[in-house]
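Take a look at the structure below.
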Number of protein chains: 4
Amino acid sequence: MNFASDNTAPASPAILAALAAVNHGAVASYGADAVTARVRARLASVFEHAVVVHPVATGTAANALALATLVHPYGAVICAEEAHISTDECGAPEFYTGGAKLVTLPSADGKILPQQIDAVMARAGAGGVHHVLPEAVSITQATEWGTVYTAAEVAALGAACRAHGLRLHMDGARFGNAVVQAGCSPAALTWQAGIDVLSFGATKNGALAAEAVIFFDPALAEGFERRRKRAGQLWSKLRYLSAQLDAYLEADLWLANAAHANRMAVALGEGLSAVPGVRVVQKVQANEVFAAMPEPLIARLEAAGGHFYRWIAVPGVSDAVVRLVTAHSTTRDEVAAFLAVAQQAEGVLF
Amino acid sequence: MNFASDNTAPASPAILAALAAVNHGAVASYGADAVTARVRARLASVFEHAVVVHPVATGTAANALALATLVHPYGAVICAEEAHISTDECGAPEFYTGGAKLVTLPSADGKILPQQIDAVMARAGAGGVHHVLPEAVSITQATEWGTVYTAAEVAALGAACRAHGLRLHMDGARFGNAVVQAGCSPAALTWQAGIDVLSFGATKNGALAAEAVIFFDPALAEGFERRRKRAGQLWSKLRYLSAQLDAYLEADLWLANAAHANRMAVALGEGLSAVPGVRVVQKVQANEVFAAMPEPLIARLEAAGGHFYRWIAVPGVSDAVVRLVTAHSTTRDEVAAFLAVAQQAEGVLF
Amino acid sequence: MNFASDNTAPASPAILAALAAVNHGAVASYGADAVTARVRARLASVFEHAVVVHPVATGTAANALALATLVHPYGAVICAEEAHISTDECGAPEFYTGGAKLVTLPSADGKILPQQIDAVMARAGAGGVHHVLPEAVSITQATEWGTVYTAAEVAALGAACRAHGLRLHMDGARFGNAVVQAGCSPAALTWQAGIDVLSFGATKNGALAAEAVIFFDPALAEGFERRRKRAGQLWSKLRYLSAQLDAYLEADLWLANAAHANRMAVALGEGLSAVPGVRVVQKVQANEVFAAMPEPLIARLEAAGGHFYRWIAVPGVSDAVVRLVTAHSTTRDEVAAFLAVAQQAEGVLF
Amino acid sequence: MNFASDNTAPASPAILAALAAVNHGAVASYGADAVTARVRARLASVFEHAVVVHPVATGTAANALALATLVHPYGAVICAEEAHISTDECGAPEFYTGGAKLVTLPSADGKILPQQIDAVMARAGAGGVHHVLPEAVSITQATEWGTVYTAAEVAALGAACRAHGLRLHMDGARFGNAVVQAGCSPAALTWQAGIDVLSFGATKNGALAAEAVIFFDPALAEGFERRRKRAGQLWSKLRYLSAQLDAYLEADLWLANAAHANRMAVALGEGLSAVPGVRVVQKVQANEVFAAMPEPLIARLEAAGGHFYRWIAVPGVSDAVVRLVTAHSTTRDEVAAFLAVAQQAEGVLF
């Protein structure tokens, strides 16, 4: 009953097997190998577009390297207040960009809106050289609140970005979960909607440690490889990073994993909604459930072996809010067991 | 016959197996897991000293993060001209330290001398605030020329550092090879000789991608974890990084791998020395052979399927110098085949 | 009728004269001169405390250099949302600190409160290495809203900082105006209240371009001089920077200038308050007046030759808010003329 | 007899007078003033070319800001080993560029050669992403050894830079002295010879603290203003910086000052050359004399009140080398008195 995070989950067996499959013989280092080339080809196919692809090991690295190619040190990145890049990466964007700033926007569900971008840009014009220069927007898909932008929503943001000369980055740490929910093609959710660079996450969805930075415009990737190298993010034995991504894409494992995790989250959310005193406070569109519940119930669930985190309070909700995250490895039994504890608690608690 | 680099080699089977062994169940992320704890305990035992240990995926990250904890942005790191941190990390030390400088020293065999440090410090005193402040020395063990500092040599550098208030870092990308050659304990080669921080390499010696930054003085590690996080070097599923190190240390696999690679290099060096027209230009003390040889021989070896790099010229040697690197996976057959090509070339070439 | 900013004002004649007075003969460069020494002695006397003093040319440099000595690149500085360091220095703190973050707090009048610091620190504890580490607080005195912290208010912040292990910086771009208003000693407003470092401003109050960074604890100044040099903020002919500060302190010119500017602001504020339809929205405690007024009145004042800026809207006030800044060189006639335009407008506008 | 540096000299009276001349009334801040506009027009005229001009207070700031616009953080700047940017700015280029590296070249007289650039670029091609990317060359005019590049020499470097896609920066801290010596137009020495950006120095040649960064291609200046602001190098009362440059250019004061300083250096050099045991080790082409002399003579000169610095040793010269710098304010009497001491010492010392 571990719903603490999708990063507590193990790797998919197929991904582990892929490591063994490439573990023979001398292979050219630093990415000049066949498996890395195959990953590039697979992603071009998945996204139906020419792509520049660079594998890295962590989502923080993917995001920070992507942003460093998009903004100057005197620039700014517009993002949601809850964005992982703003709250959970210990200043990685600031470090990688050389001191650019994040301009954060409030949001009810983790999604930002085109008119918020317009408003920032209207203010930015007035300040001239005294203010940092907004050069990019970063959105998270699925969001930190477990919600998913529709293709139309992304496209509206893309249009706003183009109107203001801003680049658009997508933190896709849970991109697979978003694609499954959106029910449209990866292309529709990204470059067709105006995304310039995507952090394509695999770690939270079945890899050991693997992400890909995907540029849809090769010109934007200039300098990326040297930035990656000097950040210590270029693996010498890159085959072991690429092999993970290769297996992740093979036979759409990434979508199968995400679909399973999403289903488990829906089941968890529906089950909890039926428990008196519990309120699911965000739509369950990916693999996360945010639920307000009374303290005694939280204590019960923890005592029974449930693992999860308390989250930031939701305005207008007095109860504590907990976050429950499912993964490719979450079982129906775990979900059922967790819900059973919650349901049994009802009689005791109320 | 791939002697291009030890990073073209595959991973040791035991290390790959360790990944499978930890691939079950939900495990606390970001290092709060049992295997990471075990790695820490193993390294404390190996070094016979309390240590602060932080795993990262690449040697460049290990070095740059270590140096960033030792020097200010207005500081300087003294190192050999050929040091990997100076020539092959695309400015990673400058990036991670916030712009500190490297002060490079010439050396005939990759080793720097205490009197060179004395000379730098004598000059540094004169310049005051107009000059960067040397705060650390970094040495590579084994060196970029495949030579190995003795414990006494390291201790002499350690004494010079203490005399000048400098910290001493060791880039141990090939530390295992050095320990085998030096024939003394890891402790004797490091903290007992004045090393403050060690980049303990595993990638070149059998891991997929794993290094450990080891602080022998916990006070020096202050801030390291936030630096690692904002560099995107903290794995969420850290068990897969630690498991590699765990298997690497288990039953002294690291020393066995290194000993094998060193023996292969010695065989290669001895064999080449016997070829007329070939001159081994550095002592073969680790897993690298530097050999000057006529261009026609180089062409022959390459045509026969040999992989290796031309290296920088050696003063006083007109022939090209090639670097041949062995690894844990190099076979006696590969070495023999390569030497056979060289020996057969003799009749043809001279 | 130029109330656009105190930086549109000329220099005090005595400060200009001081430049001429030191303009003879060869003088040791980079601060090893008599006038720089005298400035240090004067400031020790003004603050009744041993001080480390380093002159720089701009307030942005003073603030950013001060903060860079107080926080690590992975650190954070807590400040008001309107703080100059956050809104008007184009990312200088981020640049100088190597990417530290500003954590901004809302405030009604430009002043932050100890309990806001407590709240930030309570949240900071939870995040561990995923979050930047708050290491300092920066307050502006007088504030960006023209208000002044009392000595007791500063002391309460100082106590909160000590309780949380935070350093306390004061952006004193208008420190003279604050001292005059507070009616207490410079010591009482600074080190006696817990201030660790002060950006002591002179430019806005009569200098051409001169500020002093003042450390009340010499240990905190470590590395400052090299940071200043590498920032290109160390003047070779430092006598011309120090001479400005020397004249600024001589015979309390700084307090006389500030007192005059404050009186002019009070006169302006009182006069405007008497105009129907105008509302002064912040206490006038230094040399700034923030007044909400109808657009037609703004147009009238501008047409009559008044210079001033529109400021950010004030919650609950529908009229535009303008900022009017007085200086040491503002005359009673200018104030009277401006008020006359406003008063005459009354009949026309309403 | 102060020959320690041209930065120990006072300001030209005309420059000081210019400060007084602009010291009246409210003037738009941050450069939107008439005197700044006039400086721009003057420099366009002096250089016979459209220019983008940004005043700053120090040469280190001018150089570092210029270089930061020319190279990426993963880039490199090629320069002479003795270059001020490499040896005397405490890492300012590294700080401002975000960690780019300097690639230094040996030189006998402070000048670098096109073939040295070719050699660096030949090596750079091999390393790929493991090495920083050379993107600019910086030369000092006059050099740190008091020599002057001819227009043809600069043009040859310019051609090499264009051939390799490198930008060419000139550190003109002593540009006036070079123009006087070269006997050609400022245009011929700069943009006509391939210079992209010039640090146009005034501080060492009569200003209090004033330099101008001059871009000959407006496109290269993109972002400069925000970089200057966030570096704390944008004066609010910019009129006082621009007024210095205005007076410096008025009636060619800059050339008159430089011509005088150069003449004084020639007189000093010729006089010293006639002293037995003294050897002038570099051509005297600007305002610096480098002379090898016996220690007892050095002691005599210092005892008689001479101020100067010992310089780095010159290969093949066993005597100490001293540097003597003249300025616009150096008098014939000072030179004569100094030479008299040297000549009188002859009888005593030999």
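The values are calculated or read from the model by the stated rules, or taken from the named source; none is laboratory data. None of the values given here were measured: they were computed from a predicted structure. Note: ideal-geometry Cβ built from the backbone for every residue, glycine included; neighbour counts use all protein chains shown. Calculation scope for accessible area: heavy atoms of the full protein, side chains included, ligands and nucleic acids excluded. Shrake-Rupley method; radii C 1.70, N 1.55, O 1.52, S 1.80 Å.
Quick notes on this one:
- Residue of chain A with the smallest Cβ distance to the axis mapping A onto B, distance rounded to whole Å: A:A57, 3.
- Region D:142-296 - Kirkwood radius from inverse mean 1/r over Cα pairs (Å): 17.2 Å
- Across peptide C:12-24, the mean count of Cβ atoms from other chains lying within 10 Å of each residue's own Cβ comes to 3.
- Other-copy label distances relative to C:A37, 7 angstrom Cα-Cβ extension, nm: 4.7, 6.2, 7.3
- Projected onto planes of every orientation and averaged, the convex hull of the alpha-carbon atoms in region B:193-243 covers 4.4 nm².
- Each eigenvalue of the Cα gyration tensor of region C:44-201, multiplied by 5 and square-rooted, gives one semi-axis; in descending order these are 23, 17, 15 Å.
- Lysines with Cα under 18 Å of A:K237, excluding same-chain neighbours fewer than 8 positions away: A:K229, B:K204
- Hydrodynamic analysis of region C:110-209 uses the Kirkwood radius over alpha carbon pairs. Inserted into Stokes-Einstein at 25 °C and 0.890 mPa s, it gives a translational diffusion coefficient of 174 µm²/s.
- Surface composition of region C:274-350: carbon and sulfur atoms hold 55% of the protein heavy-atom accessible area at a 1.4 Å probe.
- In the assembly of identical copies, A:A219 has its label point, taken 7 Å from Cα in the direction of the beta carbon, separated from the corresponding points by 1.2, 5.5, 5.5 nm (ascending, one decimal).
- Surface analysis of region B:1-92 yields an accessible area of 28 Å² per residue, using protein heavy atoms and a 1.4 Å probe.
- Size descriptors for chain C: radius of gyration and Dmax over Cα atoms are 20.6, 65 Å.
- For region C:97-241, the dipole from Cβ point charges (+1 on Lys and Arg, -1 on Asp and Glu) about the Cα centre works out to 580 debye, to the nearest 20.
- Mean ellipticity per residue at 222 nm, deg cm²/dmol - from DSSP H runs of n ≥ 4 across chain C, formula -39500 (n - 2.57): -13000 deg cm²/dmol
- Remark: label point of B:S318 defined 7 Å out from Cα along the Cα-Cβ vector; separations to the same position in other copies 3.6, 9.4, 9.4 nm, ascending.
- Cα radius of gyration and Dmax for the protein assembly as shown (Å): 33.4, 113
- Using C-alpha pairs below 8 Å separated by at least 6 residues, the relative contact order for region D:170-262 is 33 percent.
- Table column - 3J(HN,Hα) (Hz), region B:204-221, Karplus curve with 6.51, -1.76, 1.60, x for Gly and Pro: 6, 10, x, 8, 6, 6, 7, 9, 10, 8, 10, 9, 8, 10, x, 4, 6, 7
- Debye-sum result for region A:133-182 in log10 I(q)/I(0), which assumes one identical scatterer on each alpha carbon, at q = 0.20 Å⁻¹: -0.66
- Accessible solvent surface per residue of region B:109-196, calculated while the other protein chains remain in place, 1.4 angstrom probe, Å²: 32 Å²
- Span from the region D:1-48 Cα centroid across to the region C:200-258 one, whole angstrom: 21 Å
- Amide H contacts under 5 Å for A:E222, placed H, 5+ residues apart: none
- Stokes-Einstein D in µm²/s, Kirkwood radius over Cα pairs - region D:231-299 at 10 °C with 1.306 mPa s viscosity: 107 µm²/s
- Value of relative contact order over chain A, rounded to a whole percent, pairs C-alpha under 8 Å and six or more apart: 23 percent
- More than 15 angstrom apart: percent of Cα pairs within region A:77-153: 57 percent
- Sum of side-chain charges, A:L234 neighbourhood, beta-carbon under 15 Å (Lys, Arg +1; Asp, Glu -1): +2
- For q = 0.19 Å⁻¹, Debye-computed log10 I/I(0) when each Cα of region A:1-82 counts as one equal scatterer: -1.17
- Estimated D of region B:170-223 in µm² per second, where Rh is the Kirkwood radius over Cα pairs and Stokes-Einstein applies at 20 °C, 1.002 mPa s: 184 µm²/s
- Buried area at the B:C interface is about 1800 square angstrom, summed over both chains, from accessible surfaces computed with a 1.4 angstrom probe.
- Centroid-to-centroid separation of region C:98-162 and region B:59-116 [C-alpha atoms, Å]: 37 Å
- Close amide H pairs (under 5 Å, H built 1.01 Å from N) link A:R167 with A:A136, A:V137, residues at least 5 positions away or on another chain.
- Residue (of A:A61, A:F95, A:V39) at the positive-pole extreme of region A:28-106, dipole from beta-carbon charges: A:V39
- At least 40 Å² accessible surface lost relative to isolated chain, residues of region D:204-242 (1.4 Å probe): D:L208, D:R226, D:R227, D:K229, D:R230, D:G232, D:W235, D:K237, D:Y240
- Summed side-chain charge close to B:P55 - residues other than B:P55 whose Cβ falls under 15 Å, Lys, Arg +1, Asp, Glu -1: +4
- Taking every alpha-carbon pair under 8 Å whose residues sit at least 6 apart, region D:1-105 reaches a relative contact order of 20 percent.
- Eigen-decomposition of the gyration tensor built on the alpha-carbon atoms of region B:236-350 gives equivalent ellipsoid semi-axes of 32, 15, 13 angstrom, largest listed first.
- Within straight-line cross-link reach of D:K111, lysines at Cα separation under 18 Å, skipping those fewer than 8 residues along the same chain: D:K283
- Where Rh is the Kirkwood radius over Cα pairs, Rg/Rh for region D:98-138: 0.98
- Working note: Cα gyration tensor of region B:72-117, eigenvalues times five, square-rooted, sorted largest first, giving semi-axes of 20, 13, 5 Å.
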